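The numbers here are math on the coordinates, done by the rules we state, and not lab data. Just so it is clear, the model here is predicted, and its values are computed rather than measured. Positions of Cβ are backbone-derived with ideal geometry, glycine not excepted, and every protein chain shown enters the neighbour counts.
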Amino acid sequence: MTDESIHPTQGESPAPETPAPESAAAEQSSAQASSAGGRRDAGDRGGRPGWGRRQAGRGPGGRGGRRSQGEPEPEADAGGFEETVVRVYRCATVVKGGRRFSFGALVVVGDRNGQVGVGYGKANEVPAAVEKAVKAARRNVERVCLHGTTVPHRVMAKYRASKVLLQPANRGTGVIAGASVRAVMEMAGVKDVLTKVHGSTSPKNLVKAALAGLRQMRSREQIEKLRQVAPG
């Protein structure tokens, strides 16, 4: 056996050492963690990407959303009007490919001080339908006659198959009404009233019947002027 078989020939470099499998796996995992750390959301939990992102419609001005620091507050309406959604309808039309859905919204707007309006809008999405209904309700705002926190007198109003009875109530009684009639009363500024519904309970009919009842309200001075009676 010669020395060449034992020692490498001159000019040849020894083979590089292979790293241990444990150290290689550790370096690979740390590299992956460092690269993914910049892309991971601050609110990720349990390995779910995007867990901490705010969902659409949940931001400032949406329902149930929290306002983060530095974000401006929504501006109040210049006219002081508020809106409430009475009902959202889902409509479907059958076409060759299946069903095509659209949405309708029934909205009541008012300033809680004698002005109230009703609107109905329809669109392919709920927010667009609500926006259309609000615009229609603002165009139809009417001034109604109130007597303090209640209505001046008893009246029975009718719209198609629905009848709504409006009756004055003492201070502190509150609005004794269902959801549809209550929306109209509260947006108009009525705080004490007794109501009763006869016939159909369709929200569209009840809202318009309640608005028709408010239109019929007259103060004592207005009645004396219409009858040409001297104030007594």
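For region 82-143, what does the relative contact order come out to in percent, with C-alpha contacts under 8 Å and a separation of six or more? Before the final figure, lay out each step's value.
Details: 144 pairs, mean separation 18.6, N = 62.
Relative contact order, region 82-143: 30 percent.
Excluding Asn124 itself, calculate the net charge of residues whose Cβ lies under 12 Å from the Cβ of Asn124, where each Lys or Arg counts +1 and each Asp or Glu counts -1. That works out to +3. For region 155-222, the relative contact order comes to 43 percent (Cα pairs under 8 Å, sequence separation of at least 6).
May I ask which of Lys96/Lys163; Lys122/Lys225; Lys96/Lys208; Lys96/Lys135; Lys191/Lys225 have a Cα-Cα span longer than 31 Å here? Show your work: numbers first, answer last.
Values: Lys96/Lys163 41 Å; Lys122/Lys225 42 Å; Lys96/Lys208 36 Å; Lys96/Lys135 34 Å; Lys191/Lys225 27 Å.
Over 31 Å apart, Cα to Cα: Lys96/Lys163; Lys122/Lys225; Lys96/Lys208; Lys96/Lys135.
Ordering Glu83, Glu221 by the number of other Cβ atoms within 10 Å of each residue's own Cβ, fewest first, gives Glu221, Glu83.
For Ala230, what is the net charge nearby, where nearby means another residue's Cβ is under 14 Å from its Cβ and Lys, Arg count +1, Asp, Glu -1?
Values: positive: Arg220, Lys225, Arg227; negative: Glu221, Glu224.
That works out to +1.
Please give the net charge around Arg160, taking every other residue with its beta carbon less than 14 angstrom from that of Arg160, where Lys and Arg add +1 and Asp and Glu add -1.
Numbers: positive: Lys158, Lys163, Lys204, Lys208; negative: none.
Spelling it out: positives minus negatives among the neighbours equals +4.
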